[in-house]
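Any read-out appearing in this document is the output of simple, stated calculations on the displayed coordinates, not a laboratory observation. Being a predicted model, the structure only gives us computed values, none of them experimental. For neighbour counting, all protein chains shown are included, and Cβ atoms are generated from backbone atoms with ideal geometry for every residue, glycine included.
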Amino acid sequence: MTGGDPEKLVRVPDLRGLDKTEVIVPRYSRNVYDHAVRNVGVDIVMVETADELEQAINPRTAMIYLTTGGGSAKGQPLSLEVIAGIANPRDIPILVDAAAENLTIPNIHLEQGATIVAYSGGKALCGPQCAGLVLGR
């Protein structure tokens, strides 16, 4: 959304005048934590197929957000690998919410094309509930 520009960052969640104001989310990733995405002021654009994803990407696309498991797994029609094949050539970042998973090294989600992977510190890592890890490439 802000492209690393600190002047834009302090304006969040007021995105008026910013170019990147949409986050694409596969339907299988919609969940009760959507508010965490919406609270930064973006509009969620929901997709169900690779064709819909291709059509949804536009100059306002800030990133693609998805959760792990189920629909994002290898072999699924809108898996992380399929999404990465569409998003990475267009330089659209992919944020993978892996909060419910064990951390793996090397990281399977980064290897499949994710830009950023977020883990909960309070679940599989057995740390404080307020902690977490964000891995990127």
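What dipole magnitude, in Debye to the nearest 20, does the chain give about its Cα centre under +1 on Lys/Arg Cβ and -1 on Asp/Glu Cβ?
On the way: 12 positive and 16 negative charges, 57 e Å.
Its charge dipole is roughly 280 debye.
Can you put TYR119, TYR28 in order of Cβ neighbours within 10 angstrom, beginning with the fewest?
Values: TYR119 26, TYR28 17.
Ranked by crowding around the Cβ, least crowded first: TYR28, TYR119.
From the phi angles alone, apply the Karplus equation (6.51, -1.76, 1.60; θ = phi - 60°) to region 93-104 and give each ³J(HN,Hα) in whole Hz, x where the residue is Gly or Pro.
x, 10, 9, 9, 8, 10, 4, 8, 10, 7, 6, 10
Would you mind pulling out the separation of the Cα centroids of region 14-37 and region 87-137, in Å?
Result: 18 Å between the Cα centres.
May I ask you to derive the relative contact order of the chain, considering only C-alpha pairs under 8 Å and at least 6 residues apart, and to give it as an integer percent? Walk me through the numbers on the way to the answer.
On the way: 228 pairs, mean separation 23.7, N = 137.
Once normalised by length, the contact order is 17 percent.
Of all beta bridges DSSP finds with both residues in the chain, what is the antiparallel percent, to the nearest 5?
Working: 5 of 20 bridges.
Taking every DSSP beta bridge with both residues in the chain, the antiparallel ones total about 25 percent.
Sorting ILE92, ILE24 on the 10 Å Cβ count, fewest up front, what's the list?
Working: ILE92 19, ILE24 25.
With the sparsest Cβ surroundings first, the list reads ILE92, ILE24.
Quick check: residue separation of ASN102 and TYR33 times 0.36 nm, minus the Cα distance between them. What number comes out in nm? Please list the in-between numbers first.
Values: separation 69, 0.36 × 69 = 24.84 nm, distance 1.93 nm.
The span from ASN102 to TYR33 would gain 22.9 nm if fully extended.
What does the highest-first list of 106-118, 7-19, 79-91 look like by mean Cβ count within 10 Å? Can you show the working numbers first?
Details: 106-118: 18.7, 7-19: 12.1, 79-91: 16.9.
Packing proxy ranking, top to bottom: 106-118, 79-91, 7-19.
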